[in-house]
Amino acid sequence: MALDEFEDLMAATVTIEPYGSQDGYAEETYGASVSYKAHIQGKVVATMSFTGAERVSNFQVYLNTAAAIDPRSRLTLPTGYSPQQPPIINVARHTDEQGQHHTKVYL
């Protein structure tokens, strides 16, 4: 699929605040939010979490970036989704014949 056609599928916008650190009180800090064009697919999928546990993903978010997203980051879905900031289960970067293509986030 050509990149232009792939981008046409991305009608939503999500924001991601990159994970920064955790203090002594287990409070997490995040960096400045970055917005990405995205395609949000509601589908129940069994997957492994980034910690290795078996989990069920109810939504998969295809991001128009090949950036490495830390699964501890905070993702915000568009208005109308509940919860609007679900935990990230896992992140996968996908390639094609030209290299890194897009990032898929399992929620």
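Tallying residues that are of a type in the set (Val, Ile, Thr) and touching a helix residue (DSSP H, G or I) at 6+ places or on another chain (Cβ under 7 Å) within region 45-65 yields 0. Go through region 21-34 and report how many residues are open to solvent by less than 80 Å² (accessible area, probe 1.4 Å) and in contact with a Ser or Thr (Cβ under 8 Å, 6 or more places away or on another chain). Adding up the residues that qualify gives 6.
Among the conditions (1) among the hydrophobic types (A, V, I, L, M, F, W, C); (2) open to solvent by less than 60 Å² (accessible area, probe 1.4 Å); (3) outside any loop (DSSP other than H, G, I, E, B), Val44 misses just one, which is (2). Between a first residue in region 23-38 that is without any contact (Cβ under 8 Å) to a residue 40 or more places away in the chain and a second residue that is open to solvent by less than 60 Å² (accessible area, probe 1.4 Å) and small (Gly, Ala, Ser), which pairs have beta carbons less than 6 Å apart while being 6 or more apart in sequence or on different chains? If the second residue must be open to solvent by less than 60 Å² (accessible area, probe 1.4 Å) and small (Gly, Ala, Ser), the pairs left are Thr29/Gly20; Thr29/Ser21; Gly31/Gly20; Ala38/Ala12. In this structure, is Thr15 in a strand (DSSP E or B), within 17 Å of Leu107 (Cβ to Cβ), of a type in the set (Ser, Thr, Tyr) and open to solvent by less than 50 Å² (accessible area, probe 1.4 Å)? Taking the combined requirement at face value, the residue satisfies it. Number of residues in region 47-69 that are out of contact with any His (no Cβ under 7 Å at 6 or more places or on another chain), outside any loop (DSSP other than H, G, I, E, B) and open to solvent by 40 Å² or more (accessible area, probe 1.4 Å): the value is 6. Among residues of region 56-76 that are more than 14 Å from Pro86 (Cβ to Cβ), those with a beta-carbon under 8 Å from a residue that is aromatic (Phe, Trp, Tyr) at least six positions away or on a different chain give the pairs Leu63/Tyr36; Asn64/Phe6; Asn64/Tyr36; Thr65/Tyr36; Asp70/Tyr19.
Under the condition of being more than 17 Å from Ser33 (Cβ to Cβ), surrounded by 11 or more Cβ atoms within 10 Å (Cβ to Cβ) and of a type in the set (S, T, N, Q), the residues counted in region 70-107 number 2. Being closer than 20 Å to Tyr19 by Cβ, in contact with a Leu (Cβ under 9 Å, 6 or more places away or on another chain) and not in a loop (DSSP other than H, G, I, E, B) is a property that holds for Thr103. Take Met10 and tell me if it is among the aliphatic types (A, V, I, L, M), modelled with pLDDT under 90 and within 14 Å of the chain's Cα centre (by Cα). In short, yes.
Name every residue in region 18-41 that is out of contact with any Gly (no Cβ under 6 Å at 6 or more places or on another chain), outside any loop (DSSP other than H, G, I, E, B) and of a type outside the set (Ser, Thr, Tyr), in order of residue number. Within region 18-41, Gln22, Glu28, Val34, Lys37, Ala38, His39, Ile40, Gln41 meet the criteria.
The values are calculated or read from the model by the stated rules, or taken from the named source; none is laboratory data. Since we're looking at a predicted model, the values are computed, not measured. A quick note on method: Cβ atoms are made from the backbone with ideal geometry, for glycine too, and the neighbour counts reach across all protein chains shown. The accessibility values were calculated without ligands, DNA or RNA, using every heavy atom of the protein model including side chains. Shrake-Rupley method; radii C 1.70, N 1.55, O 1.52, S 1.80 Å.
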